[in-house]
Amino acid sequence: MNSNNLGDLTFHTMANDWKTIIGKTLPELKTQILEDQIPELKKYITGFGASALNIFDVEENKFLFVDNTIELVTGIPRELYFTKGAKYIFTKATFSHMPKIVSSTLHQRRFFNSIDEKDYDNFIVNREFSYRGDEPKWVLHQVLKHIKNTKGKVFAVAVLQTSIATIKSDRNFRYYIYNKETNSICYPKQKNSAKKSFQNQLSSREKEIVSLLKKGQTNKEIADVLHISFHTVRTHRKNIFKKLDCKNIVDLIKRTQ
């Protein structure tokens with residue numbers, strides 16, 4: 001992906017002329033695009049642990065949006081995301097996880113370079129790792145969406161970070177890519193194993209909720225679809241995760257393929 005080009009002009013040349021062409025500066029246009037999408041993106045927040053949405057500009061290599069709850073999730077003050085940037089945030093990861101983060105990032109880049117840009121949003125990239133501190137902050141880091149400009153080119157990615165401190169976890173670094181179209185983990189390739197069928201473990205209502213969770217619907221949306229209360233959905237969801245020994249939605253997807 002050549003993210004420094006918009007049409008036939010370089011990013012910086014176009015940025016200088018953008019105000020004259022369409023009446024807005026490029027930063028103003030990006031802000032408008034984000035304001036239109038952030039409410040929809042926040043629907044990905046599940047309610048499991050503390051969560052924070054951030055949006056990273058891949059053209060300018062800087063954060064465009066960071067939720068106020070980010071320090072609760074990562075232990076890093078929100079203002080440092082804007083003043084110090086991504087390189088500084090990366091250095092706050094646990095030392096043993098840094099090589100794995102670099103390796104997975106390189107794989108992620110190769111993966112998306114191998115597919116059409118129009119298909120990017122069929123995939124969610126997930127990492128489980130920790131940030132350093134008095135008490136390490138373990139997070140599920142999910143690249144949820146690639147955000148495009150008016151030319152149809154990706155200029156930013158939306159990332160959701162969710163604390164997994166209160167969720168059962170073996171505290172191992174993980175990296176995986178989930179294909180939303182096939183409801184499956186496409187990387188790494190899953191080995192065939194004799195897993196107990198989830199069909200025999202869940203009630204009919206729980207299976208309905210699993211199906212909706214795998215489509216990315218929130219607890220409130222599921223309650224509306226099934227005409228039950230939000231609290232009932234939350235209880236079912238808790239029971240599903242306990243029965244299937246799941247830590248997060250990605251685990252749920254793997255166990256119900």
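Each reported figure results from applying straightforward, stated rules to the coordinates on display, with no laboratory input. Bear in mind that the values here come from a model prediction, so they are computed numbers and not experimental data. Every residue, glycine among them, receives a Cβ derived from its backbone with ideal geometry; neighbour counts consider all protein chains shown.
Points to keep in mind about this one:
- LEU64 long-range amide H proximity, modeled H, under 5 Å: ILE55, PHE56, ASP57
- Gained length - TYR187 relative to ASN200, 0.36 nm times residue gap less alpha-carbon distance: 2.0 nm
- Other residues lying with their Cβ under 14 Å from the Cβ of ARG205 contribute a combined charge of +3, Lys and Arg counting +1, Asp and Glu -1.
- The alpha carbon centroids of region 94-133 and region 204-232 are separated by 29 Å.
- Legend: residue pairs LYS153/LYS247; LYS189/LYS247; LYS118/LYS242; LYS87/LYS247; LYS100/LYS153; LYS215/LYS238, Cα-Cα distance threshold 26 Å; pairs beyond threshold, LYS153/LYS247; LYS118/LYS242; LYS87/LYS247; LYS100/LYS153.
- Ordering of 92-98, 245-251, 156-162 by packing [mean C-beta count within 10 Å, highest first]: 156-162, 245-251, 92-98
- Amide H contacts of LEU144: ALA158, VAL159, LEU160, each under 5 Å away and 5 or more positions distant or on a separate chain (H built 1.01 Å from N in the peptide plane; Pro and chain starts excluded).
- Surrounding net charge for GLY85, when Lys and Arg each add one and Asp and Glu each subtract one, Cβ distance under 11 Å: +1
- Debye equation applied to the C-alpha atoms of region 198-255, log10 I(q)/I(0) at 0.26 Å⁻¹: -1.12
- Fully extending the segment from ASN113 to HIS227 would add 36.8 nm, taking 0.36 nm per residue of separation and subtracting the current Cα-Cα distance.
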